[in-house]
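The numbers here are math on the coordinates, done by the rules we state, and not lab data. Since this is a predicted model, take the numbers as computed values, not measurements. Every residue, glycine as well, gets a Cβ built from its backbone with ideal geometry; the counts of neighbours run over all protein chains shown.
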Amino acid sequence: MNQRSSLNRRHFLRIVGAAPLALRTSVARGLPSSPRLAYVGSGCGEIYVFHIDGPNWTLKQIVACKAPASLTVHPNRRILYAVNQVDSHQHLPTGSVETFTLAPDGRLAAFSKTSLSLSATLPRHLALSPDGKRAVVAIHGGGAYNLLALPDDGQPARIAGILKETGCGPNALHQLSAHPSMALFDTTQRRVLTSDTGSDRISVFAVDETSLTVHQRFATDAGSGPAHLVLHPKGDILFVANHLNRSLCSYKYDPEQGRILHCIQRVAEDTGGPLALHPSGCTLYTTGGGEDDVIQAWHIDRTTGRLNRLQSWHQHSARSVAITAERNTLLVVSDTLNGVLRFAAEPTDGRLHTPNLAAEVPEPFSIAMLSDPV
Amino acid sequence: MPIIITRDDPRYVSLQKGHNARFPETEIDAAKRIFLCETSADAAVALQQIVSSGLRPTIRSGGHCYEDFVANNPGGAILDLSLLSGINDGRSAPPYRIGPGVQLWNGYLELYKRYGVTLPGGTCGTVAAGGHISGGGYGLLSRLHGLSSDWLTAVEILTVNGSGKVVPRRVDARHEADLFRACRGAGGGGLGVITSYEFDKLPQPPVEVVEAYISFPWEGMTEEKFVSLLKTFGEYWETHGQDPETWGMFAVLVVSHQAGGGHMGMSIQFCNPDGTCRDLTILNDYLDRFLQCGSPASPADGTGHAGLAARKDAGDPLCSGVHIVRRRNWLDATAGNNSSGSSTRAKYKSAYMKRGFTEAEARCIYKHMTRTIPNVDLRGSVIEMDSYGGAINRKELLETTSVVQRASVLKLQFMTFWGEPQDDAGRLQWIRDLYKDLYSGPDSDSDHKETPWWSSRHEGCYINYPDRDMLSYTYWPQLYYGHGELYPFLQTVKRKYDPNNIFHHAMSIRP
């Protein structure tokens, strides 16, 4: 069942060269069309905008953006938010969130830049509420969360609430203080699930117009360093990748009560990196391994919530730093390959096919997709 | 238990702001609640509650922070220590234990009446011990006795550990000496909550002092006269001011903007090193130097420097050479010198000077103190030039305190005060232009222009006169803490005792 590949960057480039063949293959299989646009954040201080036509990615634009660690497209498809993972903004110790407007062809235009709260250094991730009215920023360096109000009158985002965290863990190198890594709205939109790599904690916060308040704290294994989160589309299973002990845990979550109930399963094999879910809800994609270069697909048993491995790809020297899944595609951002790997996925169960290097981006570390409207 | 003031409390409007009426800048920037603490136990409870609620605490004792470090705290909590205002609280002394909420004048009065000692602190009577001592603290007796923080022997402080638990500590030179050193001058509100300052010894104040005042009217003032005045002033403190026999003399030259009309003035408080005024030779020699610049010393008419002026109606008039001065007992003089001015909008800057003024500096100051800007009222704009040095400059204190400016002879405080928000831009423009221009002259360091960077002439800035404008220079920490080992040391202390950076403001030590 497991497939192991060991492709280097040169090999991927050859595959890119053979893209038309791949496209024909895709069409021959009758897969739906791919997402229309991809935005890839680069550590070189830029966002790369690609137009996507199946396996063919065409670079449309490069725009300046200080350090886009997280990219999120607003549900209205007219705004892109970029979290700048910096420790200083306007001479103050804080990060920023940059807003871009999207032209009809997907091109970006810088619109505004919102300074985060004082001491909100190295923000890492932004979660947008499904209604697009609020966002929560996980601030890794400064150990805090910022609640942003997103006015629909075209005004820039503004800080509506601040939650300052404390916490530590046994790992003296990485856990001397709280380090929030990610935030995720649950299906009710009233709560946010968060991971804190520094304090071995996942939390549930209640969200209202002006505040984030702690609803539940849930301790993970000491030294685990929870980082990446995904929530099953049904809203009842939370998958957590633990960055420090390189493991994966799934938790039963009660969205009505806003409570993490119990751990369903722990997986320690080649996990701990970024996660993505196939939209079908049948398959979880994980990354991990010693070099974050193992990509795996797991079948999710909806009855028990347990995972069974479907596939495993060891992309030698292709360290994964971000992934995102669409119905027929899994995209893996690799900073060692300086590019984006594209796996074709079976639309029904998310099973993956051999990847190609879809795009070259220097020092990539984030990605967002703009799919065709459903 | 702490008293908690929320927005619906009638006290909130008064208590959510400090002395500088510029802050909080907007309603959104204001703290959500204020915790008034009457005991150190209250402070611990309040701090734990604030931290556990995920709020940011900002710490206030007297409310005189020049910048937005306390009052701008959007949605957060101000931990107010103004009611921790006891001295020794019934315990015997020494050691002298001073609460952070003790206002300086009250502290002087109580220390003097009970124990016959004083703190060599400042002249703004409602400034409280908390911010004053933790940022160094200096005043009229500092040339004779050093800084307030130089006398500090222990503090009680609340810190927050990695897991968010409040930890009460008592630190001194033997116990957690690193944190203790950081509490001796690095500035307030950035490491923890100091609930008590302890001093094994404090100096005795002078028995008496002589006060003098010289007026320098703007009418008839020329640039050449102005240059001569500043050079005369600076050269004295650069040379004669180093002599320990002069350390009992403190002078402040208040250069007010010409728009205010009237006059500039210099106030002097003098005593001999033994705390008496038996020999006025040094004072007379000093005053004589200014005869060429103004008139002989005479009692002030009350329009001079608010904090220090020999008033016509105070003390015993005394002819000292050609000068008329006033002899007063120290407590009366100190009482007269401790007014605090009203809360207005204000902007401040500072600079330490190791030498007197160059001609270029003096001319630059003249230019800006006579400058007009259309539609900008510059009344209430002044530079206070304080004599400095003496006992402050004991080099052995470099290693045990966090005040690194130990070679200066003058300290400048640039100030402008105004009433209305619509005047902000003009006022800020004036003071910024003055400062940048002054420190971009021929003697400025080419890599650090616009700042009093460390050189043969300057020693950076004073953290108790914080200036957010300095943040635009990457080397701002070195301006305040020097370019040696102190700032890295303070960063180590910060990471150790405040690992979650609970206590932060725009110019707190960066972890």
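Averaged over peptide A:89-96, the number of partner chain Cβ atoms lying within 10 Å of each residue's Cβ comes to 3. Residues whose amide H comes within less than 5 Å of that of A:G288, counting only those at least five positions distant or on another chain, are A:G273, A:D293, A:V294 (H built at 1.01 Å from N in the peptide plane). Over the residues of chain A, the helix contribution to mean residue ellipticity at 222 nm works out to -1500 deg cm²/dmol, using -39500 (n - 2.57) for each DSSP H run of at least 4.
With the simple model of a label 7 Å out from the Cα in the direction of the Cβ, B:A177 to B:S163 spans 3.0 nm.
This model, with +1 at the C-beta of Lys and Arg and -1 at the C-beta of Asp and Glu, gives the protein assembly as shown a dipole about its Cα centre of some 2040 debye. Legend: ranking of residues B:R326, B:R114, A:R134 from fewest to most surrounding C-beta atoms inside 10 Å; resulting order B:R114, A:R134, B:R326.
Summing Cβ point charges (Lys, Arg +1; Asp, Glu -1) relative to the Cα centre of chain A gives a dipole of roughly 460 debye. Shown is the FRET efficiency for A:E363 and B:D89, computed with R0 = 60 Å from the Cβ-Cβ distance and rounded to the nearest 0.05: 0.50.
Phi angles of region B:358-374 translate, via the Karplus equation with coefficients 6.51, -1.76, 1.60 and θ = phi - 60°, into HN-Hα couplings of 7, 4, 4, 5, 5, 5, 5, 5, 4, 4, 7, 7, 10, 6, 10, 10, x Hz per residue; Gly and Pro are given as x. Placing +1 on each Lys and Arg Cβ and -1 on each Asp and Glu Cβ, with no other charges, gives region B:3-80 a dipole about its Cα centre of roughly 40 debye. Of the peptides B:73-79, B:131-137, B:415-421, the ranking by mean beta-carbon count within 10 Å, highest at the top, reads B:131-137, B:73-79, B:415-421. Between A:D131 and A:C44, the modelled label-to-label distance comes to 4.2 nm, taking each label 7 Å out from Cα in the direction of the beta carbon. Legend: residue pairs B:K231/B:K411; A:K133/B:K347; A:K164/B:K17; A:K164/B:K32, Cα-Cα distance threshold 26 Å; pairs beyond threshold, A:K133/B:K347. Taken residue by residue and averaged, Cβ atoms of other chains lying within 10 Å of the Cβ of A:176-186 number 2.
Report note on the peptides B:277-288, B:33-44: ranked by the mean count of other C-beta atoms within 10 Å, highest first, their order is B:33-44, B:277-288. A simple spin-label model places pseudo-atoms 7 Å from Cα toward Cβ; at A:F111 and B:R289 they are separated by 6.4 nm. Multiplying the residue separation of B:S472 and B:D423 by 0.36 nm and removing their Cα-Cα distance gives an extension gain of 15.4 nm. Under a 5 Å amide H cut-off, with hydrogens placed 1.01 Å from N, A:G161 pairs with A:L147 among residues at least 5 apart or on other chains. Using alpha-carbon positions, what is the distance between the centroids of region A:111-127 and region A:183-199, in Å? Cα centroid to Cα centroid, the span is 17 Å. Using the Cβ-Cβ distance between B:S342 and A:D153 with R0 set to 45 Å, the FRET efficiency from 1/(1 + (r/R0)^6) comes to roughly 0.65.
Please arrange A:D87, B:D386 by counting, for each residue, the other beta carbons lying within 10 Å of its beta carbon, fewest first.
Placing the least packed residue first, the sequence is A:D87, B:D386.
Take every pair of alpha-carbon atoms less than 8 Å apart whose residues are at least six positions apart; their mean separation over the length of chain A yields a relative contact order of 14 percent.
Partner shielding of B:495-506 amounts to 5, given as the average count of beta-carbon atoms from other chains within 10 Å of each residue beta-carbon. Most tightly packed first, judged by the mean number of other beta-carbon atoms within 10 Å of their residues, the peptides B:358-365, A:121-128 read A:121-128, B:358-365.
Here the Karplus relation 6.51 cos²θ - 1.76 cosθ + 1.60, evaluated at θ = phi - 60°, turns the backbone of region B:481-489 into coupling constants of 10, x, 9, x, 7, 5, 5, x, 4 Hz, with x for every Gly and Pro. Rounded to the nearest 500, the helix-only mean residue ellipticity at 222 nm of chain B stands at -6500 deg cm²/dmol, with each DSSP H run of n ≥ 4 adding -39,500 (n - 2.57). For A:A322, the residues whose modelled amide H falls within less than 5 Å of its own, excluding neighbours fewer than 5 places apart on the same chain, are A:V333. Sequence-ordered 3J(HN,Hα) estimates for region B:180-193 from the Karplus curve with 6.51, -1.76 and 1.60 and θ = phi - 60° stand at 4, 4, 5, 7, 9, x, 7, x, x, x, x, 10, x, 10 Hz, glycine and proline given as x. Could you state the number of Å between the C-alpha centres of region B:27-54 and region B:444-477? With region B:444-477 and region B:27-54 each reduced to a Cα centre, they are spaced 33 Å. Of interest is the spacing of the C-alpha centroids, which for region B:379-428 and region B:173-229 amounts to 9 Å.
Which residues among region A:156-183 fall inside the zone where the amide N is under 11 Å from a point 7 Å beyond the Cα of B:E25, along Cα→Cβ? Counting backbone N atoms under 11 Å from the label point, the list is empty.
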